[in-house]
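Asker: My questions all concern the structure below.
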Amino acid sequence: MPGMVLFGRRWAIASDDLVFPGVFELFLRVLWWLGSLTLYLMHRGKLDCAGGVLLSTYLIVLLVLLAVIICIVLAIVCVSMKGTICNPGPRKSMSKLLYIRLALFLPEMVWASLGAAWVAEGIQCDRTVVNGIIATVVVRIQTWCPATSQQALPFSINSRVMSVSCGSLERQPPTPQEILSCRSATTEYDLVGGDQLSCHFGSILKTTGLQYRDFIHVSFHDKVYELPFLVALDHRKEAVVVAVRGTMSLQDILTDLSAESESLELDTDMEDCVAHKGISQAARYIYRRLINDGILSQAFSIVPEYRLVLVGHSLGAGAAALLAIMLRSAYPQVRAYAFSPPRGLLSKSLYEFSKDFIVSLVLGMDVIPRLSVTNMEDLKKRILRVIAHCNKPKYKILLRGCWYGLFGGNPDNFPTELDGGDQEALAQPLLGEQSLLTRCSPGYSFSSDSPLDSPTKYPHLYPPGRIIHLEEEGSSGRCGCCSAAQYRARWSHEAEFGRILIGPKMLTDHMPDILMRALDTVVTDRAACLSCPGQGGSNVDMV
């Protein structure tokens, strides 16, 4: 960083990115050289045959050529280790080394071609030597010829389980008998979007523990701004539950990325009623389906005394929260429970308004409840400042990060920022970024078209309602999915989620199964309790 300049153009690879590729090539070249040397020493007395002089000459030149290449690659690795991310001065000789390395490809290619030609002539010598020559030629051809095509790994998303917070939760897949039953049974609910391939409804039955008759509407329809959802009756909690699915498709990702803000038309006197555009569009779609299609009317005609509860995870949590705000005037007793909702969702006034009837649940270092356009911009600037003041080479940082991610440890034992008075400079806004851009990347121009420079398009948004934070007690290893961690729950203020945290569990803490497992440990632990309610808003009664 910045990229190297070779052949008159700047490349995306920096001069300190060649440590690990160079070490890998060095390892292969040394093995190759040792194998060729062993072959020559063991069989040089058997080369007194027709064409033996050619093979002997070939092996000697090959050893010399490999030795030169090994020295050049070693020099590249050593130079790439020098300096820091934003101090490429000690690596200024890298371009010359790369030119030399590229020039060595020509004699290597010529010598491999000669070896192939000599072997093709049918030299009658020791077969071990001939096979060794063939092996060197094959290895070189494989090295030169990159894969022309790479078959992508099959990637499919199992959407059988929707995040439903009604009934007892069991996350086992349906049995074959249940799948056959699902496909042959006469449905007593509205089904939208088709259910022929994976029989998702069988999984929903297994997950929630509900019966066919408990479902009013199930929609698998999935488009941009149009999320799958279901409406069910939870007789144990006496609630009509609307569950909205989270991100599980490309269409959902496009909905997430529509991060502009738009105004909400609400039956209220509040000002500044704006929200995340993509999620508000999705919530408006579900609202039209529930009201205009008479889905909620049908549900409450069956159980008029029940209350309305909305739940969702991730994208579905944001949509459920906005849907609760839209339904608040028609259903004053509505409650919404948002599991791992996105932070950049509501304006300040809507955030304060939602505290009375929305509760959000956040696990550990989950990145999504801390994710917003402004927070991403803040993270970018913080990373640039740290990079500009970093005193360690890139390869050491990567090695330490891999070690910490796999085996844990204390990151403070490996300081990466400059000591002394320079530490105070890190707190100055944009100081690191400006120094980075001016010292290290003269070809990079800082554009003023930044999300933070467009307050009407990207205002500061907040998570929905009051927040329960599940915090991990102690250390349980680096992998959140394979550890028996202990958690405690407490009410938290939204300001605690005002910055993105970088850590090994920032992604795994967002997974719904890990979240539900952590919630189960808190609920079953008699010693766990919630601290006093956070500032603002009245107590929210849990359904």
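Asker: Among the residues of region 494-521, count how many are more than 15 Å from residue 376 (Cα to Cα) and assigned to a loop (DSSP other than H, G, I, E, B).
Answerer: 5
Asker: Out of 327, 308, 322, 361, I need the residue that is touching a helix residue (DSSP H, G or I) at 6+ places or on another chain (Cβ under 6 Å) and either modelled with pLDDT under 95 or not charged (D, E, K, R) (or both). Which one?
Answerer: Result: 322 is the single residue among 327, 308, 322, 361 that is touching a helix residue (DSSP H, G or I) at 6+ places or on another chain (Cβ under 6 Å) and either modelled with pLDDT under 95 or not charged (D, E, K, R) (or both).
Asker: For residues that are open to solvent by less than 40 Å² (accessible area, probe 1.4 Å) and over 29 Å from the mean Cα position of the chain (by Cα), scanning just region 514-535, find the one that is modelled with the highest pLDDT.
Answerer: 534
Asker: If we keep just the residues of region 265-275 that are of a type outside the set (Gly, Ala, Ser) and closer than 28 Å to residue 234 by Cβ, which is surrounded by the most Cβ atoms within 10 Å (Cβ to Cβ)?
Answerer: 266
Asker: Sticking with this structure for a sec: Based on what the data block shows, is residue 364 small (Gly, Ala, Ser), farther than 21 Å from residue 325 by Cβ and open to solvent by less than 20 Å² (accessible area, probe 1.4 Å)?
Answerer: Answer is yes for this residue.
Asker: So the check is Cβ under 6 Å with 6+ separation or different chains; which pairs have a first residue in region 1-18 that's within 14 Å of residue 97 (Cβ to Cβ) and a second one that's among the charged types (D, E, K, R) and modelled with pLDDT of 85 or more?
Answerer: Short answer, once both residue conditions are applied: 15/91; 16/394.
Asker: Determine which single condition residue 511 fails, assuming it passes every other condition in (1) open to solvent by 50 Å² or more (accessible area, probe 1.4 Å); (2) modelled with pLDDT under 65; (3) closer than 19 Å to residue 314 by Cβ.
Answerer: Result: residue 511 passes all but (2).
Asker: Can I ask one more? Return yes when residue 305 is assigned to a strand (DSSP E or B) and open to solvent by 20 Å² or more (accessible area, probe 1.4 Å) and no when it is not.
Answerer: The answer is no for residue 305.
Asker: Any residue that is in contact with a strand residue (DSSP E or B) (Cβ under 8 Å, 6 or more places away or on another chain) and either among the aliphatic types (A, V, I, L, M) or closer than 18 Å to residue 336 by Cα (or both) - is there at least one of those in region 247-257?
Answerer: no
Asker: Here's another thing I want to ask about it. Out of all the residues in region 270-287, is one or more modelled with pLDDT of 90 or more, in contact with a helix residue (DSSP H, G or I) (Cβ under 6 Å, 6 or more places away or on another chain) and of a type in the set (Phe, Trp, Tyr)?
Answerer: yes
Asker: While we're on this one: Within region 16-34, work out how many residues are in a helix (DSSP H, G or I), open to solvent by less than 40 Å² (accessible area, probe 1.4 Å) and not aliphatic (A, V, I, L, M).
Answerer: Adding up the residues that qualify gives 3.
Asker: Right, here's the next one. Applying the selection to region 286-302, what residues are under 22 Å from residue 356 (Cβ atoms) and open to solvent by less than 30 Å² (accessible area, probe 1.4 Å)?
Answerer: 286, 290, 296 - these are the residues of region 286-302 that are under 22 Å from residue 356 (Cβ atoms) and open to solvent by less than 30 Å² (accessible area, probe 1.4 Å).
Asker: Specify the residue that is surrounded by the most Cβ atoms within 10 Å (Cβ to Cβ); the eligible residues are those in region 60-86 that are in contact (Cβ under 8 Å) with a residue 60 or more places away in the chain and either in a helix (DSSP H, G or I) or not aliphatic (A, V, I, L, M) (or both).
Answerer: 80
Asker: Here is a list of conditions, (1) modelled with pLDDT under 95; (2) surrounded by fewer than 24 Cβ atoms within 10 Å (Cβ to Cβ), and residue 335 meets all of them except one; can you say which number that is?
Answerer: It is condition (1) that residue 335 fails.
Asker: Would you confirm whether any residue within region 249-264 is surrounded by 13 or more Cβ atoms within 10 Å (Cβ to Cβ), in a strand (DSSP E or B) and modelled with pLDDT of 95 or more?
Answerer: no
Asker: Identify, from the list 372, 340, the residue that is out of contact with any helix residue (DSSP H, G or I) (no Cβ under 6 Å at 6 or more places or on another chain), buried (at least 21 other Cβ atoms within 10 Å of the Cβ) and in contact (Cβ under 8 Å) with a residue 40 or more places away in the chain.
Answerer: Among 372, 340, only 372 is out of contact with any helix residue (DSSP H, G or I) (no Cβ under 6 Å at 6 or more places or on another chain), buried (at least 21 other Cβ atoms within 10 Å of the Cβ) and in contact (Cβ under 8 Å) with a residue 40 or more places away in the chain.
The values are calculated or read from the model by the stated rules, or taken from the named source; none is laboratory data. Keep in mind that what you see is a predicted model, and the values were worked out from it rather than measured. Methodologically, a virtual Cβ is constructed for each residue, glycine included, from the backbone with ideal geometry; neighbour enumeration extends over all protein chains shown. Surface areas here come from the heavy atoms of the whole protein model, side chains and all, with no ligands, DNA or RNA. Shrake-Rupley method; radii C 1.70, N 1.55, O 1.52, S 1.80 Å.
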